[in-house]
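J.: Take a look at this one; I'll ask things after.
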Amino acid sequence: MSPDQPVPPRPSHGRFKTTRWSVVLSCVDTDGDAQKMHTALAELCKIYWRPVFAFIRRVGHSPPDAQDLTQDFFVIVLRGQLLQRANPARGRFRSLVLKALEDFLRDAEAKRSARKRGGDVDFVSWDDWMSEAPSHLSISQQESNRWSAAQIFDVRWAATVVERALGRLGEECEKRGRRRVFDMLSPCLAAERNNVSYPKFSKALGIPEAAVKRLVHQMRVRYRELLREEVGLTVEKPDEIDDELRYLCAALSATE
């Protein structure tokens, strides 16, 4: 496929009818399929692994202790005990996770009865997760020291969501023979249009400037779609996605 070939259109109807969080809550409310709930919840947990670990580190735990506490916390989540805290205004999974995490760390009994990492719950191992999901967001120690643990949680959550969307976009481009295009143009996705050097990319890719502009536009459109999908996984209702996207942008703006 040539670099400037348009991205095939994708059907959009019904994309946000069901989110992973709404699947979980539906199963809880109706005493539904436990395996279905566990699968959806496990996928959600992967998004929150890094934010939870960063929060626990920020409140003073060593890296080994933070690893154990992070795993122990998600054992509780995957067993459904977190959902006992849900209320009619439960809304976003992010908010519920943060509240439950604060309660978990205050609970000395929870720490005393912590299981060896992973317990008997089938969840991604710490080493596997770290190798599969490296963070591209660099935060200096000096900068992070002036943030609260909750701010660290929000920034790491936002970065994880963005990186998941970018990862999916990169995979799509690679399948279409466009990996080099993605690697070169992906920095343009977050840049102001006036800051994109189209002549430079035109020369590097060996295509006209007009083709570069089309590619950047297509990638931006698809990136926004994927970002909405990723955020949509973590809210109960589709009409909450825009508010959560604004929250994401605000969290990331703190790192600029």
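The values are calculated or read from the model by the stated rules, or taken from the named source; none is laboratory data. A quick note: this is a predicted structure, and the numbers were derived from the prediction, not measured. Cβ sites come from the backbone with ideal geometry, for glycine too, and all protein chains shown count toward neighbours.
J.: Hey, any hits in the range 188-206 for a residue that's modelled with pLDDT of 90 or more and in a loop (DSSP other than H, G, I, E, B)?
T.: Scanning the range 188-206 turns up at least one residue that is modelled with pLDDT of 90 or more and in a loop (DSSP other than H, G, I, E, B).
J.: Is one or more of the residues making up the range 176-194 hydroxyl-bearing (Ser, Thr, Tyr) and under 16 Å from LEU248 (Cβ atoms)? Let's see the steps before the verdict.
T.: The initial filter retains those residues of the range 176-194 that are hydroxyl-bearing (Ser, Thr, Tyr), namely 186.
Filter again for under 16 Å from LEU248 (Cβ atoms), leaving none.
Looking through the range 176-194, none of the residues is hydroxyl-bearing (Ser, Thr, Tyr) and under 16 Å from LEU248 (Cβ atoms).
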